[in-house]
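The following block contains the structure, expressed as structure tokens.
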Amino acid sequence: MSLWLVLTVNSIAFGGLLFLLSAGFSLIFGLMRIPNLTHGSFFMLGAYFGASFVIWGSAPFWLAAIIGAVLVALLGGLLERFVLRRLAGQNEAQVLVTLGVSFMIADLCLMEWSGDPISVEAPSPLQGVARFGGLIFPTYRIAIILLALIVAVALWALIDGTRLGAMIRAGVDDPQMARICGIRVSTLFTVVFCLGAGLAGFAGMIGSPILSIYPGLDSDMLPLALVVVILGGTGSLLGSLLGSFVVGFLYNFGQALLPELAYFVLFLPMVLILVMRPQGLFGRRAP
Amino acid sequence: MTALAIQQLDKSFGGLRVARGIDLVVEAGERRLIIGPNGAGKTTLFSLITGEIAPDGGSVALFDDDITRMPARRRAHLGLARTYQIITLFPKDTLLHNLLLSLLGLSRLRWNPCARLAKQDALQQEARQRLAEIGLGHIADRPLAQTSYGERRRVEIAMALAQKPRVLLLDEPFAGLSLEERREVRALLATVPRDVTIVMIEHDMDVALDFADRITVMHLGEIVVEGARAEVVADPRTREIYLGE
Amino acid sequence: MKRVGWAVALIVLAAVPLWVGGSFYVNIVSQILIAAIFALGLDILVGYAGLISLGHAGLFGIAAYTVAILLEHGFGHSVAIIAALGMTLATTMLFAVLALRTTGIGFIMITLALGQLLWGLGYRWIDLTHGDNGVSGTSRPMPFNISLDSADHFYYATLLIFVAVLIGMAILTGSAFGASLRGTRDQPRRMTALGFDVWTIRFIACVMSGLCSAVAGILFFYYNEFISPHALALSASAEVLLMVIAGGSGTLLGPVAGAALVVIMKSVMSAYIERWNFTLGAIFVLIVLFMPEGLVPGSRRLVRFLLAAAKTGRGAAPARSGG
């Protein structure tokens, strides 16, 4: 019984982490139609930054995570403002540039932090296990789940309750119409890109006690974010949340039960959804 | 002989009914004009006829063939050709290449991965000739992007005619043209022989009215008035639709 | 003039073992040619059909693995090669049927997923593929009883195949079908109205592209005498896509130039520039900013501009020729 429980908790926790990563991607993709292939790099960079602050700056875990996220957000903003903005609608160029930047970031990380995996400890109050109703749960993983839910609620409040959110929703539904209504779409794009990148960076640091930080983390996480977004539907927060949990389960249970077909199990639903319902479970427009 | 027979054609997009029980019969060789205010569903009707949009109900027949379920590309092979409101040709290619494509679409050659297109003399000659017929032979090798709007309209019509259609659908062929350009297009259309049936959507009454044998007036997805030119012009409902807007 | 250029290039390539300075460098050129074959095949989709695929390494890999695994189980080279071509063809057709349900970004996503599927199989189906350890080969085929073991001989075999593929591409792109394909890239709706079967045209393009990937994959295996899942990873698909885009999609030489750029950076420059990955990434970004249509068309534009400026003595913007 406990194997199932452990797998379940891990799946939900991993799903929470994926949500933090994919929510940003979903917004960027849903709003700007940019397949941001740098997103995995943002995740990895946020982890490296945060880890540096903790290990060499002796900063508290959460502060390091936030500073790391802000730095990544700034980087994302620069990328969007000075490079991606010029390439609206040009898929080939966007792919080339985002991949090129991801190469650059990956190599810089390798140069700065070398190839050895870095592990970061979870903040001390969250280390160890918690007992609940006779069952034992790893505390940090529970914390991730709660954190993901808090962020989900915060994002939902932002998107559904604020003017900024209304503008984002309008832009996702119909960018041209949004422009006509006077929404400053370019500024909106930069803001959303920063938000997405920052979330990814934050997720990277949050995930580091579980995943550790290593070269190649970016290309490990990026396809997962894509599966989440495709399953859940672009531009939909609820879709990203549910998609994240689905992928979390597929990934963990797949690895445990069908190790030979683990990736098959993961990517097959993505293929099927794209074929049968391209807008995903909750998306508004097909990619 | 009936060139185009549409029966009880229905189409809705979500809650919006764009075609309500449309019945339309166009005789072979006829010049039919379809008019109506914006949003009447005229272009949608064309797209239903060509198969770009699938109807919710009803049928479309081209001469003796029921084409309701037929994929759009096959309708071209049965003699249906169309121009669009917004010109979507191939701007990076030359006028000649644009015309070649319209000839290629109906030729078995289009599947041939070895036959060098530049060496297909018969096709090249026909394309040049058709361009010459519309007075654009001298700029056949110019990229489409470097031609005027009026010239592009004429190329589009020439391409449609190159498909040797039995029924030609023209969607606002005069839109955006100068007076001189309208006269040129009007003259071009006058040369089309009567074995081609023409159905035209137009807004500009001056040019279109004397073109048509019969006129169909549409409003909100329905056909409201239909008849010979004089009848339609005199009909109070026609005025209501246009003036009541 | 053009013919002279091609003849010179052919002579230069044919003489490579004589002037390039050692078998290390001959091997580099072999690698470039193999990558070029792969990139040319991908360009059929990217440049001519207008469909960006991020999963092509999967097709490349399945060909390589089929040869590797069959050889390991005792089959002969001919059987292995034919089976690899057949296997890749079948996979390509299946993938095409799935992927052609969408276009644009959807196509990118679905090809990425399909590529990852194959990578996952290579990585995890350990009984068959030995997972991360890869599959090794021990011998190369001997066409007409000529050994391909030496770098020079293998290079010539690769060169012959490359030239054949290049000629095939030239014929294809100048053909009526090539024009049909480009038309579906530019105006699919209009092409349908003109009577073209857009889906089938794209499907055939996928199959041709898959065939090139298979040829490249088979050569790749024989070159390395080894195949590992790394060759099917997302980064591998990204790399070949970058070769096409950076070199100039939709041109004959673009993918070749892109292949040369990437292989030279990886294999040669990596000895001199420590941060070659960074440099490569930076080059890609610069290409997007200053020569977005790719190296080959961009360079042509630059050369024309310079020639025109030299002729008139002042800067003159040359007119864009059609096509």
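The values are calculated or read from the model by the stated rules, or taken from the named source; none is laboratory data. Remember, predicted model here, so these are calculated numbers, not experimental data. Here the Cβ is made from the backbone with ideal geometry for all residues, glycine too, and neighbour counts use every protein chain on show.
Answer yes if at least one residue in region C:172-180 is touching an Asp or Glu at 6+ places or on another chain (Cβ under 8 Å), within 14 Å of another protein chain (Cβ to nearest Cβ) and part of a helix (DSSP H, G or I), and no otherwise.
No, there is no match, as no residue in region C:172-180 is touching an Asp or Glu at 6+ places or on another chain (Cβ under 8 Å), within 14 Å of another protein chain (Cβ to nearest Cβ) and part of a helix (DSSP H, G or I).
Among the residues of region C:100-139, how many are more than 7 Å from chain A (Cβ to nearest Cβ), among the small types (Gly, Ala, Ser) and closer than 18 Å to C:ALA63 by Cβ?
6
Where the second residue is among the small types (Gly, Ala, Ser) and part of a loop (DSSP other than H, G, I, E, B) and the first is touching a residue at least 40 places away in the same chain (Cβ under 8 Å) and lies in region C:238-249, which pairs have Cβ atoms under 7 Å and are six or more apart or on separate chains?
These pairs meet every condition: C:ILE245/C:GLY294; C:ALA246/C:GLY294; C:GLY247/C:GLY294; C:GLY248/C:GLY294; C:SER249/C:GLY294.
When only residues in region C:183-203 that are within 8 Å of chain B (Cβ to nearest Cβ) and part of a helix (DSSP H, G or I) count, which is nearest to B:LEU117 (Cα to Cα)?
C:GLY183
Condition test on B:GLY58, is it at positive phi and either part of a loop (DSSP other than H, G, I, E, B) or touching a Cys at 6+ places or on another chain (Cβ under 7 Å) (or both)?
So B:GLY58 does not fit the description; no.
If you scan region B:144-158, which residues turn out to be free of Cβ contacts under 8 Å to residues at least 60 places away in the same chain and touching a Phe, Trp or Tyr at 6+ places or on another chain (Cβ under 8 Å)?
Answer for region B:144-158, where residues must be free of Cβ contacts under 8 Å to residues at least 60 places away in the same chain and touching a Phe, Trp or Tyr at 6+ places or on another chain (Cβ under 8 Å): just B:LEU144.
Looking only at region B:62-85, decide whether some residue is at pLDDT below 90 and of a type in the set (S, T, N, Q).
Yes: region B:62-85 contains one or more residues that are at pLDDT below 90 and of a type in the set (S, T, N, Q).
Output yes when any residue across region A:178-189 is under 30 Å from A:GLU121 (Cβ atoms), surrounded by fewer than 23 Cβ atoms within 10 Å (Cβ to Cβ) and not β-branched (Val, Ile, Thr), and no when none is.
Checked region A:178-189: no residue is under 30 Å from A:GLU121 (Cβ atoms), surrounded by fewer than 23 Cβ atoms within 10 Å (Cβ to Cβ) and not β-branched (Val, Ile, Thr).
Tell me which of these B:ASN112 doesn't satisfy, since it passes every other one: (1) under 15 Å from C:LEU181 (Cβ atoms); (2) of a type in the set (S, T, N, Q); (3) in contact (Cβ under 8 Å) with a residue 12 or more places away in the chain.
(3)
Can you tell me which residue among A:GLY196, A:GLY235, A:GLY182 is in contact with a Gly (Cβ under 7 Å, 6 or more places away or on another chain), in a loop (DSSP other than H, G, I, E, B) and of a type outside the set (Lys, Arg)?
After applying the criteria, what remains is A:GLY235.
Restricting attention to region C:1-51, report how many residues are of a type outside the set (Phe, Trp, Tyr) and in contact (Cβ under 8 Å) with a residue 60 or more places away in the chain.
30
Still on this structure: Quick check, is B:LEU106 within 15 Å of C:MET191 (Cα to Cα), within 14 Å of chain C (Cβ to nearest Cβ) and touching a His at 6+ places or on another chain (Cβ under 9 Å)?
Yes.
Within region C:224-258, how many residues turn out to be closer than 20 Å to C:ALA68 by Cβ, more than 14 Å from the chain's Cα centre (by Cα) and surrounded by fewer than 22 Cβ atoms within 10 Å (Cβ to Cβ)?
Total satisfying the criteria: 4.
Looking only at residues that are assigned to a loop (DSSP other than H, G, I, E, B) and under 16 Å from A:GLN94 (Cα atoms) in region A:24-62, which one is modelled with the highest pLDDT?
A:THR38
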